[in-house]
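This report refers to the structure that appears directly beneath it.
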Amino acid sequence: MLTNSEIVELTELRRKLHRRPELSGEEVETAKTIVDALNAISPTKILTSLGGHGVAAVFDSGVAGPTVLFRAELDALPIHELSNNPWASAVPGIGHMCGHDGHMMFLLALGRSVSRNPIAKGRVILMFQPAEEDGTGARAVVSDAAYNDIRPDYAFAIHVEPGRPFGYVSTRVGLINCASKGLEVKLKGKTAHAADPEDGISPALAVAKLIPVLGGLGKGGALDDNFRMSTVTHACVGEYSFGIAPGEAVITITLRAARDDALQAMEDEARAMTRGVAAEYGLAVSFDVCDAFAATVNDAEATEIAVTAMNALNVENGDAGLPMRASEDFGVFGWGAKAAMLCIGPGEGYAALHSQEYDFPDDLIPVGAAIFERITRDLLNS
Ligand SMILES: [Zn+2]
Ligand SMILES: [Zn+2]
């Protein structure tokens, strides 16, 4: 249990981080602040520079038992915050508009508890991952050689999700967040004078053909095992000009599916269809993949552990709003571990994630901390 003064301290630290947000992959000062806060509670070991600016604290009982990882995120978003709060972002154009500043406090609160009352067996890992928002951080962390020493048996994360009552937690066995990836398609022909377009190779008609084809790869609909969604997010042909027949074009699409293998199949289809249309118009084609997220899928045992902990604490829970189309980098921590993602409500009428008005509700700090502490005690103190 957190004391009142600890709640005040963690609230102040949350607001301090909120004022100094850093983008994905650039979380230098945030990581330093976290390391300072961890040093004050004396974990067995602190790992830094994990997969970029990732930080992990290890609390090792010295007794054989499971390794239990709790995940938070270091990064903020390229969103300008609209707020008059004294702790509003002091960095123009960048804001903690996904609640990651608050998620970090759940972990520091758990660290204080474990520091005060050590676990009886196994290990607790407090994992502060970098670059969650672009889907690169978790993969970079798990492929870092240093991660081999802290590979977990269980992994848990809590993310704030507006649209739920305050303190209500949604979770379920199976799909929580879809797999997704951005695919950039570049078409290359040849420019010409606008008066002599026949001398060039324009990608304009190929783009006109590809937009409905690529956008039609997945129609959305019910979020079941066969869910596929394709969204054309951007398209550009040539330069803004009246004298040049275009020679290049870019289309970007975001592909989404309920399973990693289904997403890969969609990507293969997108590439094949694009190659076909490009060949038809005599265009060269190249591809790039961005923001690739694995599906987040909850393990049955890990979910049961989390639900048991919440019921013991009288935390109202269910599966409202799940699964979600949006993606989450946590899925990668479930590779080789039993993982569960929990979505906690901030209360009705709360601003949406990634909106300019979003702010993490500090009153959730003790709620999330209590859930993590109970899971820890149930797994490592019995
Ligand atoms: Zn986000
Ligand atoms: Zn987030």
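The values are calculated or read from the model by the stated rules, or taken from the named source; none is laboratory data. Small disclaimer: the values here were computed from a predicted structure and weren't measured. Backbone-built Cβ (ideal geometry, glycine too); neighbour counts: all protein chains shown. The area values use the complete protein model at the heavy-atom level, side chains included, leaving out ligands, DNA and RNA. Shrake-Rupley method; radii C 1.70, N 1.55, O 1.52, S 1.80 Å.
Give just the number: which of (1) open to solvent by less than 60 Å² (accessible area, probe 1.4 Å); (2) over 20 Å from Asp134 (Cα atoms); (3) assigned to a strand (DSSP E or B) does Ile158 not satisfy?
Only one criterion is unmet by Ile158, namely (2).
Only one of Val289, Val285 is touching a Gly at 6+ places or on another chain (Cβ under 8 Å), β-branched (Val, Ile, Thr) and open to solvent by 40 Å² or more (accessible area, probe 1.4 Å). Can you tell me which?
That would be Val289, the only listed residue that is touching a Gly at 6+ places or on another chain (Cβ under 8 Å), β-branched (Val, Ile, Thr) and open to solvent by 40 Å² or more (accessible area, probe 1.4 Å).
Please enumerate the residues belonging to region 90-145 that are part of a loop (DSSP other than H, G, I, E, B) and of a type in the set (Asp, Glu).
Once the filter is applied, which keeps residues that are part of a loop (DSSP other than H, G, I, E, B) and of a type in the set (Asp, Glu), region 90-145 yields Glu132, Glu133, Asp134, Asp144.
Does any residue of region 108-115 turn out to be open to solvent by 10 Å² or more (accessible area, probe 1.4 Å), assigned by TED's automatic domain parsing to the domain that holds Ile41 and farther than 26 Å from Ser327 by Cβ?
Yes, that holds for at least one residue.
Hey, can you tell me all the residues within region 129-149 that are touching a Ser or Thr at 6+ places or on another chain (Cβ under 8 Å) and either aromatic (Phe, Trp, Tyr) or surrounded by 20 or more Cβ atoms within 10 Å (Cβ to Cβ) (or both)?
Residues satisfying the conditions are Pro130, Ala131, Glu132, Glu133, Gly135, Thr136, Gly137.
Among the residues of region 320-337, is any within 17 Å of Phe106 (Cβ to Cβ), open to solvent by 40 Å² or more (accessible area, probe 1.4 Å) and touching a strand residue (DSSP E or B) at 6+ places or on another chain (Cβ under 8 Å)?
no
Out of the residues in region 1-28 that are open to solvent by 80 Å² or more (accessible area, probe 1.4 Å) and part of a loop (DSSP other than H, G, I, E, B), state the one that is nearest to Lys121 (Cα to Cα).
Met1
Collect the residues in region 29-49 that are part of a helix (DSSP H, G or I), out of contact with any Asp or Glu (no Cβ under 7 Å at 6 or more places or on another chain) and touching a residue at least 24 places away in the same chain (Cβ under 8 Å), keeping them in residue-number order.
Ala31, Ile34, Ala37, Leu38
Which residue pairs have Cβ atoms closer than 6 Å, lie 6 or more positions apart in sequence or on different chains, and pair a first residue in region 79-100 that is more than 11 Å from Leu353 (Cα to Cα) with a second residue that is assigned to a helix (DSSP H, G or I) and within 16 Å of ligand 1 (Cβ to nearest atom)?
Note: pairs meeting the criteria are Trp87/His18.
Checking the structure you have, find out if any residue of region 162-177 is surrounded by fewer than 21 Cβ atoms within 10 Å (Cβ to Cβ), in a strand (DSSP E or B) and at pLDDT 95 or above.
Yes, that holds for at least one residue.
Looking at (1) more than 22 Å from Met324 (Cβ to Cβ); (2) open to solvent by 20 Å² or more (accessible area, probe 1.4 Å), can you tell me which one Gly247 breaks?
Result: Gly247 passes all but (2).
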